[in-house]
Amino acid sequence: MTLDLVFGALADPTRRAIIDRLRDGDLSSGELADPLPISRSAVSQHLKVLESAGLITRSKSAQRRIVSLNVDRLSAATGWLQAAHDEWQQRFDNLDQVLAADQQAETS
């Protein structure tokens, strides 16, 4: 279920843009909203989705809401993707070996 929430949150380009901006460090909600072509309330909704998926955390610092990236949650998604990639790469390598053996048998 956790990965479902993570990949669901990352399916939206605006949320991916927010994650990209947070790679360089923590930002306030306003700093995240400024370059985006959507309203601040829409940004707030995107932040809620990212927070529910565990991809970000929000905290208060005086009057500002600071948004931080949760790298551990991204790492979990990356690990799943890497495992799927490795499995498929192994399958393709096995297929290459079978095809090469068949081709060699045909030419012999």
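The structure shown yields Rg and Dmax of the Cα atoms in Å, and of the options (1) 16.9, 47; (2) 17.9, 50; (3) 21.1, 78 that calculated value carries the label (3). Annotation: for a label point projected 7 angstrom from Cα along Cα→Cβ of Asp26, residues of segment 71-108 with backbone N closer than 14 Å are 71. The H on the amide N of Asn70, modeled in the peptide plane, is under 5 Å from the matching H of Ile56, Thr57, each at least 5 residues off or on a different chain.
Each residue of segment 53-65 is assigned a 3J(HN,Hα), and the resulting list reads 7, x, 7, 9, 10, 10, 9, 9, 9, 6, 8, 9, 9 Hz, derived from the Karplus form 6.51 cos²θ - 1.76 cosθ + 1.60 (θ = phi - 60°), x at Gly and Pro.
None of the figures in this text is laboratory data; all of them are computed from the coordinates on show. Fair warning: this is a prediction, and the values are worked out from it, not measured in the lab. Positions of Cβ are generated from backbone atoms using ideal geometry, with glycine treated the same way; all protein chains shown enter the neighbour counts.
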